[in-house]
Amino acid sequence: MSERRYTEQEEALEIKSLRRIIAAYANYQDAAERDVKRYERSFKMLPPAHKELLFHLGLKYQRLRWCISMNAAFIMNMLEAFEPPFDMSQYVNVSGHDHPSNMHDHSHVDCTHSSGRGDCSSISISRSNSQLDGQHCNPKEDASTHESSRETENKKDEEEHMAGCSQPLGSDLGTSQGVDVSCNGDTDASTAAYCQDKDVSSSSAVDNVTPRRCTGSLFKLNVPPIDVDKVRCIVRNIVRDWAEEGQKERDECYKPILEELNRLFPNRTNQRPPSCLVPGAGLGRLALEISSLGFVSQGNEFSYYMLICSSFILNHTQEANEWTIYPWIHSNCNSLSDNDQLRPVSFPDIHPSSAGITEGFSMCAGDFVEVYNEESQESAWDAVVTCFFLDTAHNIVEYIEIISKVLKDGGVWINLGPLLYHFADSYGPDDDMSIELSLEDVKKVAYHYGFVMEVEKMIETTYTANMRAMMQNRYRAAFWTMRKNASRAKAQKHC
């Protein structure tokens, strides 16, 4: 794949976008602390009798702070390991307002789904053909989340452009998870005992962890609420892709795809393994599982939020269940109990570098259309797998056209996902294009580009759902296997 060269203006926008995303991650703990203080203000408004009845909430809020600090410790270790593909000291707006105004997050980082690519082993994000890494974002956990994510996508506050490919190397970094909790303020005896038991102090264990080659100004940016939501969404995506608790969702979404690949390519060999492209790879688990099946697998991801996290998990974890996070703490709604809401989740459930990947596994970061519309990608892949990806398009016809283009004659396209178009109902000054087709029309477009349907069914599933919550949003996702018919594709090409 040829190297993607950036103009000065493009690079400036890239750096501004990445600076904003790093700032969103770095300010995770402060944003979460503001939520806890809001809970405490509401509690203080209660009449004395009601306060006495709910006296345990004081301890819950301190437990929340401890959980937040654990999440923050993971995030800061992740940022510390991140090597930006740009010189982050460039293009700093002296006013401090360096958020790009015309950038769109193409992936579903707001708890919808997205596109991406995952790489196991060491990957550093780069804009050229050097080492890179990718990831995948997720669909909404409930209907309200769905709508809020759509709003976020349509704000068009930042777009993450990156093109490049990476070959897996080896994990080389180990970090221990620090703990930072603040137990300042009004506390009762039980709260103090909890803080003492957890070795909680008012000083931050993550304050001294700073992303490599990033300036202090990154942490002084105003972080919009939509960016805070994206970080929290990534935390939930970790559960979906890399925790034992996410196995049910992976069985619903990934297992049918893996079984179909296994059926379609029964005589795989290490000498000539089939190739599989995974656009919208998110945090990389599906791409890794496909590689472990005996395919030369390449994930593709657009979102820096995803890329930073997937790179850390794939490259810098030393063992299974090395990290612990608290993914469900940011919503007090629909919880069966406080213990359910504050329960820990360990990850990764497997050590990525020990997953038996096939040589040639790689991650490609960048916009699917820009990266794979190149001549070098024509007829390059035996299979394309799209999982919760198609509806991330501005123009779904273009996606299908490129999928047909990159497949070899007789190659297969396996898809699973809904049609929750991410740019639907987009209201903004730029009036983003959004082509929203019915499932029937999507299939007609696919037939136009030479595809023949072989397997088709609907599969019920969730996306980054809290399996213990009182409310979950379920999808009736379309699943199909289509095969590219060479003669049909050529006939349509000449029409």
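The values are calculated or read from the model by the stated rules, or taken from the named source; none is laboratory data. Since the structure is predicted, the reported quantities are computational estimates derived from the model, not experimental observations. In this analysis, Cβ positions are derived from the backbone assuming ideal geometry, glycine residues included, and neighbour counts consider all displayed protein chains. Heavy atoms of the whole protein, side chains included, go into the accessibility calculation; ligands, DNA and RNA do not. Shrake-Rupley method; radii C 1.70, N 1.55, O 1.52, S 1.80 Å.
With the simple spin-label model, which puts each label point 7 Å out from Cα in the Cβ direction, the Leu46 to Glu359 separation comes to 6.4 nm. For the stretch 350-392, a simple Cβ point-charge model (Lys and Arg +1, Asp and Glu -1, everything else neutral) yields a dipole of about 280 debye relative to the Cα centre. With a Förster radius of 45 Å applied to the beta-carbon distance between Gln9 and Leu53, the computed FRET efficiency rounds to 0.15.
With a cut-off of 11 Å on the backbone N, the residues of the stretch 462-485 near the modelled label site 7 Å out from Asp340 along Cα-Cβ are 466-472. Across the stretch 394-402, rounded Karplus estimates of 3J(HN,Hα) from the backbone phi angles (6.51 cos²θ - 1.76 cosθ + 1.60, θ = phi - 60°) give 6, 9, 5, 4, 5, 4, 5, 4, 6 Hz, Gly and Pro being marked x. In this structure the amide hydrogen of Ile350, modeled in the peptide plane, comes within under 5 Å of the amide hydrogens of Asn321, none closer than 5 places in sequence on its chain.
Heavy atoms of the protein chains alone define the surface here; on that basis the stretch 228-493 has 36 Å² accessible area per residue at 1.4 Å probe size. The slack in the chain from Glu319 to Ala486, taken as 0.36 nm per residue of separation less the alpha-carbon distance, amounts to 55.6 nm.
Computed about the Cα centre, the dipole magnitude for the stretch 228-493 is approximately 760 debye when only Lys and Arg (+1) and Asp and Glu (-1) carry charge, each at its Cβ. Subtracting the Cα-Cα distance of Lys408 and Arg476 from their residue separation scaled by 0.36 nm leaves 21.5 nm. Placing a label point 7 Å from the Cα of Asp425 along the Cα-to-Cβ direction, the residues of the stretch 389-419 whose backbone N falls under 18 Å of that point are 391-394, 418-419. Of all alpha-carbon pairs in the stretch 352-432, indicate the percentage at a distance above 21 angstrom. Considering the stretch 352-432, 40 percent of its Cα-Cα pairs are separated by more than 21 Å. Note that the stretch 470-481 has calculated 3J(HN,Hα) couplings of 7, 9, 9, 9, 10, 10, 9, 7, 7, 10, 8, 10 Hz, one per residue in order, obtained from phi through the Karplus relation 6.51 cos²θ - 1.76 cosθ + 1.60 (θ = phi - 60°); glycine and proline are x. For the stretch 228-493, the residue among Gln472, Ile400, Ile238 whose Cα projects farthest onto the positive side of the dipole built from Cβ charges is Ile400. Considering only Cα atoms, the convex hull volume of the stretch 359-487 works out to 155 Å³ per residue.
Short to long, the 5 Å bins of the Cα pair-distance histogram for the stretch 249-371 hold 2, 10, 16, 19, 19, 15, 10, 6, 3, 1, 0 percent of all pairs. Stretching Asp251 away from Ser379 to a fully extended chain increases their span by 43.1 nm, per 0.36 nm per residue minus the current alpha-carbon distance. Note on the stretch 1-94: dipole from Cβ charges, positive end direction compared against Thr7, Gly58, Ile68; the farthest Cα belongs to Gly58. For the stretch 376-385, 3J(HN,Hα) computed residue by residue from phi via the Karplus equation (6.51, -1.76, 1.60; θ = phi - 60°) reads 5, 8, 5, 6, 9, 10, 7, 8, 10, 10 Hz, glycine and proline entered as x.
In the structure shown, the pairs Lys248/Lys408; Lys408/Lys443; Lys60/Lys248 are assessed against 22 Å; a Cα-Cα span above that value is assigned to Lys248/Lys408; Lys60/Lys248.
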